[in-house]
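Each remark here refers to the structure printed beneath this line.
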Amino acid sequence: MLKWGARKVVDSTQAPKPGSGATTARSIVIPRFLSALSKRPHQQTVVDLGPVVGSNLDLFSARLSCKFYVQDLFTDIEAHALSGKSGPNTALADRLTSRFPLSPRSVDGILCWDLFDYLDPSTSKTFANKLSALLRTGGILHGLFSTTATNVTHYTRFVLDNEDLVRRRPYPATPTKREAMETREIHRLFSDLEVTDLVLLKSSIREVLFRRPQFSRATRCG
């Protein structure tokens, strides 16, 4: 696991070339993610599950006093796709959940990006439970969920040009089936968390912000 505080990291990715498929879109939820973290009464701990992107680290360092952990889990998903296995896979779930030496209830914010689009339902639930357990009370999690199930041949590097402007840089992936969840399934996936924001983007992607409440759902209903 890579760890950064307020240290600048050079982005090794290439600038998008004409015809590269790079697109730019506005994010409604990322500014709210940053705003919520900035109000935490202590140094924030943030986990990014995507590739290292230098401009993203710069943005978070400028806005927050945080410990920033980067763990590119898409490399594990790609290794699984290369293996040719399909359907629920306990080995992949174990691999993903074992990548976090952080203690339960020690994380303030998690950036999942579109990670769950590439996981089968069983692996998604196992990993969602792991992430939920990492969040402190009031901690938040950002995710993107496609509304269209299809075969995909690329992953996406999400580059924050500023708080609400996201550049999407595709890079090659072994063709794999992308899962698509209904809104109610997204709610069930993170059953210990509450949804504070859910926005359907023009690109047919749901942008969602989850929060760990003070009391679990079972406690509140009991």
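So here's what we get for this one:
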| item | result |
| --- | --- |
| Residues (crowded, with 16+ Cβ neighbours inside 10 Å and in contact (Cβ under 8 Å) with a residue 40 or more places away in the chain) located in the range 181-196 | 181, 186, 189, 190, 192, 193 |
| Restricting the range 135-177 to residues that are closer than 16 Å to residue 50 by Cβ and of a type in the set (Lys, Arg), the residue that is surrounded by the most Cβ atoms within 10 Å (Cβ to Cβ) | 157 |
| Options 61, 55, 35; residue that is assigned to a helix (DSSP H, G or I) and at pLDDT 95 or above | 35 |
| Helices (runs of 4 or more DSSP H) fully within the range 74-159 counting 1 or more residues that are over 13 Å from the mean Cα position of the chain (by Cα) and over 24 Å from residue 191 (Cβ atoms) | 74-82, 90-97 |
| Check on residue 185, among the acidic types (Asp, Glu) and either in a loop (DSSP other than H, G, I, E, B) or under 30 Å from residue 43 (Cα atoms) (or both) | no |
| Filter pass, residue 82 being closer than 22 Å to residue 170 by Cβ and touching a Ser or Thr at 6+ places or on another chain (Cβ under 6 Å) | yes |
| Residue 16 vs. criteria within 18 Å of residue 113 (Cβ to Cβ), modelled with pLDDT of 95 or more and surrounded by fewer than 18 Cβ atoms within 10 Å (Cβ to Cβ) | no |
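For every residue, the table says whether it meets (1) touching a helix residue (DSSP H, G or I) at 6+ places or on another chain (Cβ under 9 Å); (2) at pLDDT 95 or above; (3) buried (at least 19 other Cβ atoms within 10 Å of the Cβ); (4) at negative phi.
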site	(1), (2), (3), (4)
73	yes, yes, yes, yes
79	yes, no, no, yes
89	yes, no, no, yes
92	yes, no, yes, yes
95	yes, no, no, yes
100	yes, no, yes, yes
105	yes, yes, no, no
119	yes, no, yes, yes
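The values are calculated or read from the model by the stated rules, or taken from the named source; none is laboratory data. Just so you know, these numbers come straight off a predicted model, no measurement behind them. Neighbour counts run over all protein chains shown; Cβ positions are idealised from the backbone, glycine included.
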